[in-house]
Amino acid sequence: MTWTAPVAQAGLPLLAASAVTPAAIVPTSTQQAVGYPTLFLLVLAGALVPVIPTGALVSSAAVVAFHQTSPFSLAMVFLTASLAAFLGDATLYWLGRRGLKSKNGSRWLEAIRARAPEDRLAQAQEKLASHGVAVLVLSRLVPAGRIPVMLACLLAQWPLRRFSRGNLPACLAWAVTYQLIGILGGSLFDEPWEGVVAAIALTLVISVVPSLVRRVRSVPRH
């Protein structure tokens with residue numbers, strides 16, 4: 001399958017040759033050989049450095065897979081995205097634990113702390129103490145919820161094995177959710193690029209609206 005459409009629409013880099021070569025000319029096996037590793041690497045990078053819109057990427061990939069004739073395209077998108085997210089989270093958590101044990105800390109731990117505001121961290125710690133792994137499972141489905149909960153797990157000194165047991169279903173649920181968004185976008189339009197645009201717009205709305213609601217509620221009323 002070709003990833004030219006979703007990656008281009010999401011503003012993410014791809015090989016120049018893929019961008020200018022018509023999909024019909026490129027064999028399906030070649031498209032898949034380039035597409036799935038690209039998806040894996042981008043989702044993995046997005047888990048480690050949360051600036052890449054991985055949700056939009058997965059949704060866009062699902063749109064393209066929905067329009068493919070291969071019966072396993074959607075399954076491959078799901079497996080690739082969930083595995084990359086799981087490995088990325090596990091790596092970031094391991095780096096965070098190393099930072100906690102180090103006297104000088106680490107840039108990875110500082111990056112996690114910087115993305116976990118005090119109020120969100122306190123809320124995550126409270127919920128983690130009350131509900132345990134269930135909070136970790138839900139954290140990936142809540143916009144900007146993954147990092148505060150991960151930091152709460154770090155401060156609670158969860159071992160990597162315990163974190164990974166809770167994070168596995170979280171990554172599976174995350175991949176399913178954004179893939180369903182992509183399938184919805186793909187089913188509404190005949191052209192894949194139209195579904196990609198719709199999927200990206202929906203994922204951006206899901207990401208932005210909760211933060212806007214929190215800001216509105218935090219504004220003091222006179």
Residue satisfying all of: in region 50-63; free of Cβ contacts under 8 Å to residues at least 60 places away in the same chain and open to solvent by 30 Å² or more (accessible area, probe 1.4 Å); nearest to residue 187 (Cα to Cα) among these
52
All-but-one check, residue 168 against (1) within 16 Å of the chain's Cα centre (by Cα); (2) farther than 20 Å from residue 52 by Cα; (3) open to solvent by less than 20 Å² (accessible area, probe 1.4 Å), failing number (3)
Take the conditions within 23 Å of residue 39 (Cα to Cα) and either buried (at least 22 other Cβ atoms within 10 Å of the Cβ) or not aromatic (Phe, Trp, Tyr) (or both) and apply them to residue 133. Does it pass?
no
Identify, by number, the condition in (1) surrounded by 15 or more Cβ atoms within 10 Å (Cβ to Cβ); (2) not in a loop (DSSP other than H, G, I, E, B) that residue 187 doesn't meet.
(1)
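Out of 40, 78, 66, 86, which single residue is of a type in the set (A, V, I, L, M, F, W, C), closer than 18 Å to residue 183 by Cα, within 19 Å of the chain's Cα centre (by Cα) and open to solvent by 10 Å² or more (accessible area, probe 1.4 Å)? If you could, list the steps in order and put the result at the bottom.
Values: 40 fails: closer than 18 Å to residue 183 by Cα; 66 fails: within 19 Å of the chain's Cα centre (by Cα); 86 fails: closer than 18 Å to residue 183 by Cα.
Just a single option satisfies the conditions, and that option is 78.
The values are calculated or read from the model by the stated rules, or taken from the named source; none is laboratory data. Everything quoted here is computed from the prediction, not taken from an experiment. Counting neighbours? That spans all protein chains shown, and the Cβs are built from the backbone with ideal geometry, glycine included. Note: accessible area is taken over every heavy atom of the protein model, side chains too, but ligands, DNA and RNA are not part of it. Shrake-Rupley method; radii C 1.70, N 1.55, O 1.52, S 1.80 Å.
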